[in-house]
1. Scan the range 79-90 residue by residue and report those that are small (Gly, Ala, Ser) and buried (at least 19 other Cβ atoms within 10 Å of the Cβ).
2. Do you know which residues across the range 164-217 are assigned to a loop (DSSP other than H, G, I, E, B), of a type outside the set (Val, Ile, Thr) and open to solvent by less than 40 Å² (accessible area, probe 1.4 Å)?
3. With the requirement that a residue be open to solvent by 60 Å² or more (accessible area, probe 1.4 Å), assigned to a strand (DSSP E or B) and in contact with a Ser or Thr (Cβ under 6 Å, 6 or more places away or on another chain), what does the range 105-127 give you?
4. Tally up the residues in the range 5-30 that are of a type in the set (Ser, Thr, Tyr), closer than 29 Å to His99 by Cβ, in contact (Cβ under 8 Å) with a residue 12 or more places away in the chain and open to solvent by 60 Å² or more (accessible area, probe 1.4 Å), please.
5. Condition first: open to solvent by 70 Å² or more (accessible area, probe 1.4 Å) and closer than 20 Å to Gly73 by Cα. Now tell me which residues in the range 36-49 satisfy that.
6. For a quick check of your reading of the model, give me the residue pairs whose first member lies in the range 193-207 and is without any contact (Cβ under 8 Å) to a residue 24 or more places away in the chain, whose second is part of a loop (DSSP other than H, G, I, E, B) and open to solvent by 40 Å² or more (accessible area, probe 1.4 Å), with beta-carbon atoms closer than 7 Å and at least 6 apart or on different chains.
7. Every residue in the range 50-78 that is closer than 22 Å to Phe3 by Cβ and open to solvent by less than 60 Å² (accessible area, probe 1.4 Å), please.
Amino acid sequence: VDFYAGTTLIGTATSAPYSLSWSNVPAGSYTLTAVATDDDAAATTSSAVTIAVDAPLPNGWSHADIGDTGVTGGAGVAGATFSVTGAGADVWGTADALHYIYRTLNGDGTIVARVATIQNVHAWTKAGVMIRNSLSPSAAQAFMLVASSATKGVPFQRRPSDGSLTVGTSGSQSTAPRWVKLVRAGNLITGYESANGTTWTLVGSDTFTMGTSVLIGLGVSSHVAGVNA
């Protein structure tokens, strides 16, 4: 049995139980298959399995799938660059489906990120900075995001209270690379965008019903359940 990550052979097992240990794997997403060949040279290829390998996160950071994503997402970091993969039908309506890398914020605070690239699984594939009341799919949240299609742009989307409907305010018709920022001051959260990380444009703000302690971080939703972006 030959084992592959994509088209790369990673090992061969010639006797039962035909298993392989794959170690020291760089962070990333991999599609694994196994090709079994018998003594008559007849071969069969297994169904593909996609896995995410995470790099260690800085102290205080965690990550998790939120809602029904259909496949496990992942997160890693190299220097000051975070990589997040996430699936899910959307971050919208009364419940979200995404992968979220986060830490705790007590009280007021700001998060800024440059969304460098987005995999274009769907025109509404979303990546950006987020503040959430909890990991519940229906939690109150503010999401300053970049969509994979410039026609969808850089909106400020939010659910002002747990279980309420999501609303959105359109920003520019831009896509990655794009800077995004959220500022929390009391119950008010404000979303901004920027082309250079220096000059900021207000997109929108709203009043939220959230606890003093919230979760702040980066969210990714492919807009397609079962397919990571």
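The values are calculated or read from the model by the stated rules, or taken from the named source; none is laboratory data. Only a predicted model underlies this, so the values are computations on that prediction, with no experimental measurement involved. Glycine gets a Cβ as well: all are built from the backbone with ideal geometry, and neighbour counts include every protein chain shown. Ligands, DNA and RNA are stripped out before the accessible areas are found, and what is left, the full protein with its side chains, is counted by its heavy atoms. Shrake-Rupley method; radii C 1.70, N 1.55, O 1.52, S 1.80 Å.
1. Ser83, Gly86, Ala87, Gly88, Ala89, listed by residue number.
2. Ser164, Gly171, Ser172, Ser174, Ala176, Gly186, Gly197, Phe208, Met210, Gly211
3. Correct list: Asn106 only.
4. Summing the residues that are of a type in the set (Ser, Thr, Tyr), closer than 29 Å to His99 by Cβ, in contact (Cβ under 8 Å) with a residue 12 or more places away in the chain and open to solvent by 60 Å² or more (accessible area, probe 1.4 Å) in the range 5-30 gives 1.
5. Scanning the range 36-49 gives Ser47, Val49.
6. Final answer for the pair search is Ser194/Trp200.
7. Ile51, Ala52, Val53, Val71, Gly74
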